[in-house]
Amino acid sequence: MECVKEYQLRNVSSHCSISGMDDFDLSKLLDKPDKPRLNIERQRSFDERSLSELSIGLSRALDTYDTAYSPGRSALNTPASSARNSFEPHPMVAEAWEALRQSLVYFRDQPVGTIAAYDHFSEEVVNYDQVFVRDFVPSALAFLMNGEPEIVKNFLLRTLQLQGWEKRIDRFKLGEGAMPASFKVLHDPVRKTDTIVADFGESAIGRVAPVDSGFWWIILLRAYTKSTGDLTLAETPDCQKGMRLILSLCLSEGFDTFPTLLCADGCSMIDRSMGIYGYPVEIQALFFMALRCALGMLKHDTEGKEFIERIVKRLHALSYHMRSYFWLDFQQLNDIYRYKTEEYSHTAVNKFNVIPDSIPEWVFDFMPTRGGYFIGNVSPARMDMRWFALGNCVAILSCLATAEQAVAIMDLIEARWEELVGEMPLKICYPAIESHEWRIVTGCDPKNTRWSYHNGGSWPVLLWLLTAACIKTGRPQIARRAIDLAESRMLKDSWPEYYDGKLGRYVGKQARKYQTWSIAGYLVAKMMLEDPSHLGMISLGEDKQMKPLIKRSSSWTC
């Protein structure tokens, strides 16, 4: 049956659907052809609304990356960045594009996303035939870099429709601004109708609603705007409202005394129990980046100004908190090792009452003299000192990391290449949880055994984030080395979801083949390294108003 037309009053569970309903203003946007690219003056006006768009650690020539347009596609249906160069593109590039296009999902004859994986050899589909918000981001960036923004625009608007519906999980109503984890398109060949079914967490492992989907949506909206130079989509009332609803969820005030965002375990890319409950670094970095992206796109009207003021206050508190308390380098580790406990009042040095004996043994050998990173979590009496790839890379791209901290993160990756990269980029976290701790933290999760899946597994999709961070910090040679490793294995192994083992030598025991974001992550990394102007889509410049209030990292050298 067709859905009723009352847009605001749909009473659905976490499975919402779009079929024959009127799409109202959003459908009008979807039916409009993409507007021609605006001139460079229009692009610069967007830059002025954003915080200062300057890259760190790069030469003056690289300062133009944030304002440069992405090139169109070539006549041979291959990435224009490859076609423009004098050297021959790697054979994997054409194979990757073919595989990426096979993963496209259509709704009413319009491309709206890419499925998570198209595993020809797996009889069990599970939820890999759905379009995941976080999974689609590298696919979207690949299409934007290739001059194909239509699919990204369609995706942004369709997920915006899903956000607008009432969402219930086991009789409990989710926040109005929650974005779906994923959606699936159902085709009825008899009635010739298409229906979208969305999942907001009810079908997820552990029934956890995604926190990161809304952040990725805002970040992708900004990437679309930067790539096309088209401000009209972000300025529509629907997109403005969508951003405000997401911000309302994460900027709400309560009992929490930290500016970071309190989250359940399994609410992000690490979507199973892995002990990241509390204030996981991945969410905090995405939160920071989404706030900065929204700050540059919100209109300065009555509603927009209110959120802009709240964002600015939160950014200052969040940047100070993260740069001070989440940062770990050799000197900071030594300081924590010598902490006194049971300190009271505002004069306390050990503000979270961390017991030095709780510091894991591995971190003393892992920490190089030059280098540092944002640890996984900080909460009362607890510091998760594991290294997480996504959070640290996003911290660089969003300028949550200061220039010195960004350099120190890259120093750490180079110094601990075998541990963090090995034979296949890139470890999602380090080290793996083992033995009795694994039983307690993961609940004996058979998929998250040591050095597998989210427990220290190697994920090729992270290649694009590593490459972007390398370019921003002036270390393209690190990205080239990582891409070379990926090109030696990924096509032969049929684009796996993840790799297992301390060095990432083995295709994951339950890894899907033809994993779309592994394919797209490679393409984005490849195109970005060949044409670094693409970095502007996903990179933010340093905000001069948020002056770092911390001392130099001990790893910093002039």
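The values are calculated or read from the model by the stated rules, or taken from the named source; none is laboratory data. Keep in mind it's a predicted model, so treat the numbers as computed, not measured. All Cβ positions, glycine included, derive from the backbone under ideal geometry; neighbour counts span all protein chains shown. Accessible surface is based on the protein model in full, side chains and every heavy atom, while ligands, DNA and RNA are left aside. Shrake-Rupley method; radii C 1.70, N 1.55, O 1.52, S 1.80 Å.
Could you please let me know if Leu462 is touching a Lys or Arg at 6+ places or on another chain (Cβ under 9 Å), modelled with pLDDT under 95 and within 23 Å of Leu412 (Cα to Cα)?
Details: touching a Lys or Arg at 6+ places or on another chain (Cβ under 9 Å): yes; modelled with pLDDT under 95: no; within 23 Å of Leu412 (Cα to Cα): yes.
No, not satisfied.
Any idea which residue in the range 406-424 is surrounded by the fewest Cβ atoms within 10 Å (Cβ to Cβ), counting only those that are part of a helix (DSSP H, G or I) and among the charged types (D, E, K, R)? Walk me through it before giving the result.
Of the residues in the range 406-424, the ones part of a helix (DSSP H, G or I) are 406-415, 417-420.
Filter once more, keeping what is among the charged types (D, E, K, R): 411, 414, 418-419.
Working: Asp411: 23, Glu414: 17, Glu418: 10, Glu419: 18.
Among them, the one singled out is Glu418.
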Within the range 276-322, the residues that are hydroxyl-bearing (Ser, Thr, Tyr) and open to solvent by 10 Å² or more (accessible area, probe 1.4 Å) are Tyr277, Tyr279, Thr302, Tyr320
Surrounded by fewer than 24 Cβ atoms within 10 Å (Cβ to Cβ) and touching a residue at least 40 places away in the same chain (Cβ under 8 Å): is that true of Lys526 in this structure? no
Condition set hydrophobic (A, V, I, L, M, F, W, C) and open to solvent by 20 Å² or more (accessible area, probe 1.4 Å), scope the range 87-104, selection nearest to Leu156 (Cα to Cα): answer is Leu104
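Any idea which of Glu148, Glu176 is surrounded by fewer than 19 Cβ atoms within 10 Å (Cβ to Cβ), under 19 Å from Trp517 (Cβ atoms) and either acidic (Asp, Glu) or at pLDDT 95 or above (or both)? Let's see the steps before the verdict.
Numbers: Glu176 fails: under 19 Å from Trp517 (Cβ atoms).
So the residue among Glu148, Glu176 that is surrounded by fewer than 19 Cβ atoms within 10 Å (Cβ to Cβ), under 19 Å from Trp517 (Cβ atoms) and either acidic (Asp, Glu) or at pLDDT 95 or above (or both) is Glu148.
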Taking the range 359-395 and keeping only residues that are open to solvent by less than 70 Å² (accessible area, probe 1.4 Å) and either more than 32 Å from the chain's Cα centre (by Cα) or over 23 Å from Lys427 (Cβ atoms) (or both), one is left with Ser379, Ala381
Checked Ile428, Ile433 against criteria (within 26 Å of Met289 (Cβ to Cβ) and crowded, with 19+ Cβ neighbours inside 10 Å); the one match is Ile428
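Which of the following residues is more than 21 Å from the chain's Cα centre (by Cα) and modelled with pLDDT under 95: Val312, Val349?
On the way: Val312 fails: modelled with pLDDT under 95.
The match here is Val349.
Check whether at least one residue in the range 471-483 is at pLDDT 95 or above, of a type in the set (A, V, I, L, M) and touching a Pro at 6+ places or on another chain (Cβ under 7 Å), and report yes or no.
Filtering the range 471-483 for residues at pLDDT 95 or above gives 471-483.
Narrowing further to those that are of a type in the set (A, V, I, L, M): 471, 478-479, 482-483.
Retained after the next criterion (residues that are touching a Pro at 6+ places or on another chain (Cβ under 7 Å)): 471, 482.
Yes - at least one qualifying residue is present in the range 471-483.
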Please tell me if Arg292 is in contact with a Ser or Thr (Cβ under 9 Å, 6 or more places away or on another chain), assigned to a loop (DSSP other than H, G, I, E, B) and among the charged types (D, E, K, R). no
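What is the residue count in the range 443-472 for residues that are among the hydroxyl-bearing types (Ser, Thr, Tyr), touching a helix residue (DSSP H, G or I) at 6+ places or on another chain (Cβ under 8 Å) and open to solvent by less than 10 Å² (accessible area, probe 1.4 Å)? Lay out the reasoning, then the answer.
Narrowing the range 443-472 to residues among the hydroxyl-bearing types (Ser, Thr, Tyr): 449, 452-453, 458, 467.
Narrowing further to those that are touching a helix residue (DSSP H, G or I) at 6+ places or on another chain (Cβ under 8 Å): 449, 453, 467.
If we keep only those that are open to solvent by less than 10 Å² (accessible area, probe 1.4 Å) as well, we get 467.
Adding up the residues that qualify gives 1.
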Inside the range 325-349, the number of residues satisfying the requirement of being closer than 19 Å to Asp365 by Cβ and of a type in the set (A, V, I, L, M) is 3
When every residue in the range 531-558 that is modelled with pLDDT of 95 or more and either among the β-branched types (Val, Ile, Thr) or touching a Phe, Trp or Tyr at 6+ places or on another chain (Cβ under 9 Å) (or both) is compared, the one surrounded by the most Cβ atoms within 10 Å (Cβ to Cβ) is His534
